[in-house]
1. Being touching a helix residue (DSSP H, G or I) at 6+ places or on another chain (Cβ under 6 Å) and either crowded, with 16+ Cβ neighbours inside 10 Å or without any contact (Cβ under 8 Å) to a residue 60 or more places away in the chain (or both) is the filter here; which residues of the stretch 140-152 pass it?
2. Looking at the stretch 103-113, which of its residues are part of a helix (DSSP H, G or I) and free of Cβ contacts under 8 Å to residues at least 60 places away in the same chain?
3. Within the stretch 83-90, is there a residue that is in contact with an Asp or Glu (Cβ under 7 Å, 6 or more places away or on another chain) and without any contact (Cβ under 8 Å) to a residue 60 or more places away in the chain?
4. Mind listing whichever residues of the stretch 236-271 are aromatic (Phe, Trp, Tyr) and surrounded by 12 or more Cβ atoms within 10 Å (Cβ to Cβ)?
5. If we keep just the residues of the stretch 24-37 that are of a type outside the set (Lys, Arg) and without any contact (Cβ under 8 Å) to a residue 12 or more places away in the chain, which is surrounded by the fewest Cβ atoms within 10 Å (Cβ to Cβ)?
6. What's the number of the condition Thr137 fails, among (1) surrounded by fewer than 19 Cβ atoms within 10 Å (Cβ to Cβ); (2) within 18 Å of Asn85 (Cα to Cα); (3) among the polar types (S, T, N, Q)?
7. Out of everything in the stretch 40-67 that is over 21 Å from Leu228 (Cβ atoms) and in contact (Cβ under 8 Å) with a residue 12 or more places away in the chain, what residue ends up being surrounded by the most Cβ atoms within 10 Å (Cβ to Cβ)?
8. On the basis of being among the acidic types (Asp, Glu) and farther than 30 Å from Pro153 by Cβ, does Asp115 make the cut?
Amino acid sequence: MAEAAAGIRGYGLIVAMWVRTTMAYRLSFAMTALGNLLMTAADFAAIAIMFSHTDVLGGFTFAEVALLYGTTSTSLGLADLLLGNLDRIGRRIRDGTMDTLLVRPVPVFAQIAADRFALRRIGRVLQGLIVLVWSLTALDGVAWTPVAVLLVPVMVLAGAAIYGAVFTCGAAFQFWATDAAEVQNSFTYGGNTLTQYPPTIFSKELVRGVTFVVPLAFVNWLPALRVLGRDDPLGLPGWVDFASPLVAAACCALAGLAWRTGLRGYRSTGS
């Protein structure tokens, strides 16, 4: 607990330093954040173009696909904002600067995660939230029970934790691979692109893979199907739709173990 508290405090101090640096040039920050928002909006523009030629995609309406897009994009945006710099670890291992982090009185994970904290990435979060809010107002025929209402923020936060765990596992893998940022990106940004679309347009083998191997289906597919009142294409028990927080906790525990194992196995550059 003491180490966790020290890590959170150290992370907060480093982030605050980078935020102060960023806000010294507020116009530059506003322009880059807006650019980040517009760049990520291109993905949703592509979906909107598809729906200009069809009414449904895999049996899902535009508003329903927008719900999938908004939840996964917001989740990834939060994880990317808080932990997106973990992919820098490979560069630090190669150039030897990783060693300097080991002698500081702050957990290495907190230092790397907060290093060069990019507040401009808030643009991705805002863009996802805008689409999510719009989709919630545009959905027809959804029974907004207390459970359904609660599932929306739960899936966003649990999804952010799952993506964060994937970021962490990818960073841990770089202790051995030293240059595997693109492998990590294939599961984070690639997974985000995958879960923007309905599971019904993909093969059941792929859906099983992102449910039982890399559990990205718990980011939004399974809870969103419950909100929309749709059947699970794999025919899983109904309680699975509510398992996102448990899956997120398990993923974080596994990611923590992978990180500690990688850090213990680190042997410096030898220079």
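The values are calculated or read from the model by the stated rules, or taken from the named source; none is laboratory data. As the structure is a prediction and not an experimental result, all values here were calculated from the model. In this analysis, Cβ positions are derived from the backbone assuming ideal geometry, glycine residues included, and neighbour counts consider all displayed protein chains.
1. Filtering the stretch 140-152 down to residues touching a helix residue (DSSP H, G or I) at 6+ places or on another chain (Cβ under 6 Å) leaves 148, 151.
Leu151 - this is the single residue of the stretch 140-152 that is touching a helix residue (DSSP H, G or I) at 6+ places or on another chain (Cβ under 6 Å) and either crowded, with 16+ Cβ neighbours inside 10 Å or without any contact (Cβ under 8 Å) to a residue 60 or more places away in the chain (or both).
2. Residues of the stretch 103-113 part of a helix (DSSP H, G or I): 108-113.
Of everything in the stretch 103-113, just one residue is part of a helix (DSSP H, G or I) and free of Cβ contacts under 8 Å to residues at least 60 places away in the same chain, namely Ile112.
3. To start, the set of residues in the stretch 83-90 that are in contact with an Asp or Glu (Cβ under 7 Å, 6 or more places away or on another chain) comprises 85, 88, 90.
From what is left, the residues that are without any contact (Cβ under 8 Å) to a residue 60 or more places away in the chain are 85, 88.
Yes, some residue in the stretch 83-90 is in contact with an Asp or Glu (Cβ under 7 Å, 6 or more places away or on another chain) and without any contact (Cβ under 8 Å) to a residue 60 or more places away in the chain.
4. Result: Phe242, Trp259, Tyr266.
5. Leu27
6. All conditions are met except number (2).
7. Among them, the one singled out is Thr40.
8. no
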